[in-house]
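The values are calculated or read from the model by the stated rules, or taken from the named source; none is laboratory data. These numbers were taken from a predicted model, which means no experiment stands behind them. Here the Cβ positions follow ideal geometry from the backbone for every residue, glycine too, while neighbour counts run over all protein chains shown.
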Amino acid sequence: MSLSKKIVIWAIAGLMALSVVIVFVNIIMSNNSASKLSDEVAEAQGEMETILKARDEELGEQAKTLSEKYAKSFAEYKKLVGKFDSVSALKIEDIKKGDGQAISEGVQYSAYYIGFLSDGTVFDSSFKDFEGEITDDLSEVLSLPISSTGGGAGMIEGWTKGVENMQIGGVRKITVPSAMAYGDTAQNNIPAGSTLTFIVMVIPKIDNIAYDGQLVELCKKAYSSYAAQYGEDYIVQVCQEEYGNK
């Protein structure tokens with residue numbers, strides 16, 4: 001074999017060896033990068049868990065304080081639960097007039113409620129145990145009230161329109177036709193086509209426990225591994241919607 005051919009063979013062998021080394025180095029760098037990302041994700045998830053646990057404890061204490069204040073008075077309206085006839089239009093009955101601000105577009109409020117079907121079955125309520133007896137320990141009677149905004153999204157049409165012009169401190173019975181509730185779609189323990197009735201007691205908007213956007217940023221880090229699949233904008237949107245007001 002001529003010297004020139006040997007040089008070519010040696011050159012090819014050298015290039016092949018160098019290629020193997022480069023691939024090996026890239027694998028190591030890729031694994032280190034993935035490991036670093038994995039560590040950052042795990043750290044963010046751990047911080048989120050700690051913050052949310054603390055938040056749950058704060059909300060629990062807030063729920064107890066409010067329950068002590070409102071449980072006895074709201075429990076009086078449990079007697080209004082019973083069978084009723086279905087309706088085709090929204091029906092409103094003020095049980096107690098409030099003396100606070102009237103709910104209109106953009107007005108924030110919180111509310112305790114009882115929701116029941118036409119046969120008298122309670123499908124949801126602010127009571128932790130609707131059938132339970134009211135004891136001296138009022139702190140454990142009610143869950144945290146829901147919070148909403150007049151005219152805002154997130155509630156069924158019948159609720160949103162049913163609380164319009166209701167004053168803070170008032171109690172209202174709202175009967176919602178199926179078309180303004182869930183229509184022909186069943187929801188958990190609400191059969192399709194159900195007319196719903198709510199007993200609603202509106203109270204001043206409770207204070208939010210805020211974290212100045214900390215949860216949003218942690219959320220984006222914690223779920224960054226899904227960005228390639230769903231897109232970074234979607235991850236940001238989900239985190240903002242879930243934790244932006246917390």
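For the reader, a short list of remarks on this structure follows.
- Residue match in the stretch 200-216 (condition: of a type in the set (Ser, Thr, Tyr) and loosely packed, with under 14 Cβ neighbours inside 10 Å): no
- Hits in the stretch 175-190 (condition: in contact with a Leu (Cβ under 9 Å, 6 or more places away or on another chain) and surrounded by 14 or more Cβ atoms within 10 Å (Cβ to Cβ)): Thr175, Val176, Pro177, Ser178, Met180, Ala181, Tyr182, Ile190
- The condition (being at pLDDT 95 or above and either small (Gly, Ala, Ser) or farther than 30 Å from Gly120 by Cα (or both)) is satisfied by just one residue among Gly82, Gly60: Gly82.
- Meets criteria (within 26 Å of Lys53 (Cα to Cα) and not assigned by TED's automatic domain parsing to the domain that holds Val81) for Gln229: no
- Breaking point among (1) surrounded by fewer than 15 Cβ atoms within 10 Å (Cβ to Cβ); (2) of a type in the set (A, V, I, L, M, F, W, C); (3) in contact with a helix residue (DSSP H, G or I) (Cβ under 8 Å, 6 or more places away or on another chain), for Ala228: (3)
- Within the option set Gly170, Gly158, being surrounded by 16 or more Cβ atoms within 10 Å (Cβ to Cβ) and more than 23 Å from the chain's Cα centre (by Cα) holds for one residue only, Gly170.
- Residue list for the stretch 124-158, restricted to those being modelled with pLDDT under 95, closer than 14 Å to Phe74 by Cα and in contact with a strand residue (DSSP E or B) (Cβ under 6 Å, 6 or more places away or on another chain): Phe130
- Elements of type strands (runs of 3 or more DSSP E) in the stretch 82-164, at least 3 residues being touching a residue at least 60 places away in the same chain (Cβ under 8 Å) and either of a type in the set (Ser, Thr, Tyr) or in contact with a Leu (Cβ under 7 Å, 6 or more places away or on another chain) (or both): 108-117
- Selected residue (only one of Lys161, Lys205 is touching a strand residue (DSSP E or B) at 6+ places or on another chain (Cβ under 6 Å) and either of a type in the set (Lys, Arg) or not assigned by TED's automatic domain parsing to the domain that holds Lys53 (or both)): Lys205
- Filtered residue count, the stretch 180-221, keeping only those that are of a type in the set (A, V, I, L, M, F, W, C) and either without any contact (Cβ under 8 Å) to a residue 60 or more places away in the chain or part of a loop (DSSP other than H, G, I, E, B) (or both): 7
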